[in-house]
Amino acid sequence: MIYPSIDKMLNTIDSKYRLVHIASKRSKEMSRTSHYQMPLNKYVSRKNIGRALEEVSEGLLTLKKD
């Protein structure tokens, strides 16, 4: 079982490819800056890619429409 659920995140993001792109960019930003949207003890994942997906799931990241 993957946490967070991909199905839940696809309700807010229109495609799996965009989800991967957003999570990848946010994960790299976390590694570079060590800035997190939630306290570290609130994350279930230990890796930044999982933490980025958790932020998407919680609605902490927003998308800009071009």
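We did not get these values from a lab; they are worked out from the coordinates using the rules stated. Note that the coordinates shown come from a computational prediction; the quantities given were computed from them, not determined experimentally. Here the Cβ positions follow ideal geometry from the backbone for every residue, glycine too, while neighbour counts run over all protein chains shown.
A few notes on this one:
- Highest-first arrangement of 5-17, 45-57, 23-35, where packing means the average Cβ count within 10 Å: 45-57, 23-35, 5-17
- Working from Cα pairs under 8 Å separated by at least six residues, relative contact order for the chain is 37 percent.
- About its Cα centre, the chain has a charge dipole of approximately 240 debye under the convention of +1 per Lys or Arg Cβ and -1 per Asp or Glu Cβ, with nothing else charged.
- 0 to 90° range, to nearest 10: angle between helix 48-58 axis and the chain longest Cα axis: 60
- Bins of 5 Å, starting at 0 and running to the largest distance - Cα pair percent for the chain: 3, 18, 32, 26, 15, 5, 1
- Helical contribution to [θ] at 222 nm, DSSP H n ≥ 4, -39,500 (n - 2.57), averaged over the chain, rounded to 500: -15000 deg cm²/dmol
- Here HIS35 and TYR3 are evaluated by their C-beta separation; at R0 = 22 Å the FRET efficiency comes out at 0.50.
- Between 0 and 90°, nearest 10: helix 16-33 axis offset from the chain longest Cα axis: 20
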